[in-house]
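K.L.:
Structure below; questions to follow.
The values are calculated or read from the model by the stated rules, or taken from the named source; none is laboratory data. What you see is a predicted model, and the numbers here were worked out from it, not measured in a lab. For neighbour counting, all protein chains shown are included, and Cβ atoms are generated from backbone atoms with ideal geometry for every residue, glycine included.
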Amino acid sequence: MTDDSTPAPSAVTADRGADPLWSQAADRIREEIARRGLTEGSRLPPERELCTRLDVSRVTLRRALAHLVERGLVTASHGRGWFVFAPAAPAPARDWPKDLESFTATARRKHMRAGSVVLRHDTVTASLDDADRLGVPAGTPLVRLERVRLLNDVRIALDRTLVVAQLAPDLMRTDFREASLFTELRRWGVEPDRAEATIEARTADETLAGHLGIAPGAPVLLLDQTVFTRDQRPLLLSTVEYSGDRYRLRTTLQTD
């Protein structure tokens, strides 16, 4: 897959009962990586060429490549394209963390690179609902941070966060394209301790789909949480919408 002599992966089919097109495309790419014995760091053909070879749309191709990222088989390099990551050793399943940790810490634990596209980073005043959840008066200044979260340059989730501004006054001067919010809070001596969270399944509207590079109506996993400090004061509200085929929840249940 690194030059014109590389045999083209066979085109995917839309037969009734067949796997989704993105899944078929991912299988064709994975089979070609294995067949050619491509090693870590080998460059894949450009997206336009892959779309032509596989006879799929750019949206379908990117969903296939995102699946291969999740499996630990390929990685993206901004402005350079797609590369084989570790074909001989797929990454273990990415479980939901049992402990409260930042997106950046989760990525590091999984040997992946976290990043963000910052959509909003400003100051707003607390609405009645926000104030009630945060235990502050309505109108209290809050830092609003909205980011598309990336793993190895692949769009994974849309994260909307509100932080009580007085707890970390320097947040408005932080560049959150690479910085971790939890790390910055700790710089101010504010330690996130626990979170009360709800998780539910939804479908992506057009705006969310555009941010994540998925089709409108695609499944998403919504995590809504209130994070508390060690002295049990509400610190921030966070709503994170994960692309449904890129994250999953696994936990352990046992009897008393």
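K.L.:
Please indicate, with yes or no, whether at least one residue in the stretch 184-205 is modelled with pLDDT of 90 or more, in the same structural domain as ALA131 (by TED's automatic domain parsing), crowded, with 18+ Cβ neighbours inside 10 Å and under 20 Å from the mean Cα position of the chain (by Cα).
P.N.:
yes
K.L.:
When you scan the stretch 161-171, do you find a residue that is within 27 Å of LEU212 (Cα to Cα), surrounded by fewer than 14 Cβ atoms within 10 Å (Cβ to Cβ), in contact (Cβ under 8 Å) with a residue 12 or more places away in the chain and out of contact with any His (no Cβ under 9 Å at 6 or more places or on another chain), even just one?
P.N.:
No, that holds for no residue.
K.L.:
Is it true that some residue in the stretch 120-130 is farther than 23 Å from ASP231 by Cα, hydrophobic (A, V, I, L, M, F, W, C) and touching a residue at least 40 places away in the same chain (Cβ under 8 Å)?
P.N.:
Looking through the stretch 120-130, none of the residues is farther than 23 Å from ASP231 by Cα, hydrophobic (A, V, I, L, M, F, W, C) and touching a residue at least 40 places away in the same chain (Cβ under 8 Å).
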